[in-house]
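Peer 1: Pasting in a structure now, in structure tokens, and then I'll have a few things to ask.
Each value in this text was obtained by applying a stated rule to the coordinates, not by laboratory testing. What you are looking at is a predicted structure, and each value in this text was computed from that prediction instead of being measured. Please note: Cβ atoms are built from the backbone with ideal geometry, for glycine as well, and neighbour counts cover all protein chains shown.
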Amino acid sequence: MKIPHEVLKIIEDIRTMRVRGAGKIARTAAKALIIASEEYRGTSLKEYLTYMELIAERLKNARPTAVSLPNAVNYVLSRLKKASMEPSSTLNKAKFIVRESANDFIKRSFEAIKKIGEIGSKRISDGEVILTHCNSTAALSVIITAHHQGKHIEVFATETRPKFQGHITAKILAKEGIPITLIPDSAVRYFMKDIDKVIVGADTVTANGAVVNKVGTSLIALAAHEARVRVFVAAETYKFSPATVLGELVMIEERDPTEVVPPEYLYENSEVIVRNPAFDVTPPEYIDAIITEKGIIPPQAAILILEEEYGWVLKDYFIKELNFAEES
């Protein structure tokens, strides 16, 4: 079964960060499932399900850290599997389920960002200076919504090396008319005395409330903790990881060293090891609150979100584990 060229391009765009940001990655993956489904030219429902599983795995492997990607794919595939088990299931019905589920996920994603902006903006006061890191749509929604409410705020944005996503953030905020100062990542502690609140996004929220986000986030949270500056994380609930409830660790992606140094440096200094982690983990004790579309929660309440949103996933897993233990 051949994977459509457009789907392969989306997978490559996610892998190489031409598509970036956890929310956008998730929505793009959902779109890829629609394209793959519509491009299927076979007549067998069984083969179609195998084909869609293949697409799903290729998408999920494109970026290993951001849980929004597998959660988006699983949102669609779980509904497809459930529908395919019904006696009246047909290929056309299966394709309809994929299209409707993927579009529903995309719609919910945009609605979540809007709701996070509305909820989070209430925590920003007139005259405050906000620090943000990387380029988070959810964090920007909070900041821009507060600005639209008439609050006079100023923002400091880190460059976010080595990919400089902070430049995108600065451009967006400047276009909104928000006073913006761009700083090197390493200058965060120097400027923390001027900051009232830190607002960042998340790629993954774990069961114990730890947040996996763009590398450098944990250092910002540490500097904020030292300066008694409150740290808020803006994250849609589909960024919460059900696997971490079951003891699985979040794999931290390490990217090509040539994102940090030019290829000729590696060639001329072959004895030098260059490492380029894309994410780090911020402990829950350095986070004051997580802003979700469901409301604002302390990081320690992440498990409650997981039980509410992914209880069915956990139940299926435990049943499989129980069956495996009995067979053994």
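Peer 1: Please state, as a whole number in µm²/s, the translational diffusion coefficient that the Stokes-Einstein equation yields for region 84-134 at 10 °C and 1.306 mPa s, with Rh defined as the Kirkwood radius across alpha carbon pairs.
Peer 2: After rounding, the answer is 109 µm²/s.
Peer 1: Right, here's the next one. Y48: net charge of surrounding residues, Cβ under 14 Å, Lys/Arg +1, Asp/Glu -1, itself excluded?
Peer 2: Details: positive: K2, R41, K46, K81, K93, K95, R99; negative: E38, E39, E47, E53.
Net charge in that neighbourhood comes out at +3.
Peer 1: Could I ask something else about it? For region 46-53, what does the Karplus curve 6.51 cos²θ - 1.76 cosθ + 1.60, with θ = phi - 60°, yield as ³J(HN,Hα) per residue in whole Hz, taken in order and with x for Gly and Pro?
Peer 2: 3J(HN,Hα) across region 46-53, in whole Hz: 4, 5, 4, 5, 5, 4, 5, 5.
Peer 1: Compute the signed sum of charges (Lys and Arg +1, Asp and Glu -1) over the other residues within less than 12 Å, Cβ to Cβ, of N71.
Peer 2: Details: positive: R27, K60, R108, K239; negative: D203, E236, E309.
My count for the surroundings of N71 gives +1.
Peer 1: What does the charge count around R275 come to, taking other residues whose C-beta lies under 14 Å from its C-beta (Lys +1, Arg +1, Asp -1, Glu -1)?
Peer 2: Working: positive: R161, R255; negative: E253, E254, D256, E259, D280.
Taking every Cβ under 14 Å from that of R275, the sum is -3.
Peer 1: Another question about this same structure. Per q in 0.08, 0.09, 0.10, 0.12 1/Å, what log10 I(q)/I(0) does a Debye calculation on the alpha-carbon atoms of region 31-190 return?
Peer 2: For region 31-190 at q = 0.08, 0.09, 0.10, 0.12 Å⁻¹, log10 I(q)/I(0) is -0.37, -0.46, -0.54, -0.68.
Peer 1: Continuing with the same structure: Relative to the Cα centre, what is the charge dipole magnitude of the chain, using +1 at the beta carbon of each Lys and Arg, -1 at the beta carbon of each Asp and Glu, and rounding to the nearest 20 debye? Provide the component values of the computation, followed by the final result.
Peer 2: On the way: 42 positive and 43 negative charges, 204 e Å.
That gives a dipole near 980 debye.
Peer 1: Taking +1 at the Cβ of each Lys and Arg and -1 at the Cβ of each Asp and Glu, which of N74, A56, A94 sits farthest along the dipole of region 35-94 towards its positive end, judged by Cα position relative to the Cα centre?
Peer 2: Of N74, A56, A94, it is N74.
Peer 1: How fast does the chain diffuse by Stokes-Einstein, in µm²/s, taking the Kirkwood radius from C-alpha pairs at 37 °C and 0.692 mPa s? List each step's numbers first, then the result.
Peer 2: Working: Rh = 21.0 Å.
It diffuses with D of about 156 µm²/s by this estimate.
Peer 1: What list of ³J(HN,Hα) couplings, whole Hz, do you get for region 106-117 from phi and the Karplus terms 6.51, -1.76, 1.60, once you set θ to phi - 60° and write x for glycine and proline?
Peer 2: 4, 4, 4, 4, 5, 5, 5, 4, 5, 5, 4, x
Peer 1: Another question, then. If you average the alpha carbon positions of region 128-151 and of region 1-52, how far apart do those two centres end up, in angstrom?
Peer 2: Answer, in whole Å: 32.
Peer 1: Continuing with this model, one more query. List the residues, sorted by chain then number, that are 5 or more residues from R161 or on another chain and whose placed amide H is less than 5 Å from its amide H.
Peer 2: D185
Peer 1: Which shape class, rounded, prolate or oblate, goes with region 101-182 when its Cα gyration tensor gives a ≥ b ≥ c as root eigenvalues, a/c under 1.5 marks rounded, and past that a/b bigger than b/c marks prolate? All intermediate terms of the calculation are to be shown ahead of the outcome.
Peer 2: Working: a/c = 2.42, a/b = 1.24, b/c = 1.96.
In terms of gyration-tensor shape, oblate.
Peer 1: Based on the Kirkwood radius over alpha-carbon pairs, what value in µm²/s does the Stokes-Einstein equation return for the translational diffusion coefficient of region 158-298 at 25 °C and 0.890 mPa s? The partial results should precede the final answer.
Peer 2: Numbers: Rh = 16.7 Å.
Diffusion coefficient, whole number: 147 µm²/s.
Peer 1: In the structure shown, do any of K122/K151; K163/K197; K60/K114; K114/K239 have a Cα-Cα gap over 22 Å, and if so which? Please list the in-between numbers first.
Peer 2: Numbers: K122/K151 10 Å; K163/K197 24 Å; K60/K114 26 Å; K114/K239 16 Å.
Flagged as over cut-off: K163/K197; K60/K114.
Peer 1: Let me ask something else about it. Please enumerate, by chain and number, the lysines with C-alpha under 20 Å from the C-alpha of K93, excluding those fewer than 8 residues away in the same chain.
Peer 2: K31, K46, K81, K82
Peer 1: Follow-up question, since we're still on this one. Long-range amide H contacts for F279: which residues qualify at under 5 Å (H placed 1.01 Å from N, peptide plane, sequence gap of 5 or more or a different chain)?
Peer 2: V215, E253
Peer 1: Could you run the Karplus curve 6.51 cos²θ - 1.76 cosθ + 1.60 with θ = phi - 60° over region 181-189 and give me ³J(HN,Hα) per residue in whole Hz, x for Gly and Pro?
Peer 2: Each residue of region 181-189 in turn: 10, 9, 10, x, 4, 6, 9, 4, 5 Hz.
Peer 1: If you don't mind, there's one more thing I want to ask. Might you report the magnitude of the Cβ-based charge dipole of region 26-169 about its Cα centre, with Lys and Arg at +1 and Asp and Glu at -1, to the nearest 20 debye?
Peer 2: Working: 22 positive and 14 negative charges, 66 e Å.
In debye, rounded to 20, region 26-169 gives about 320.
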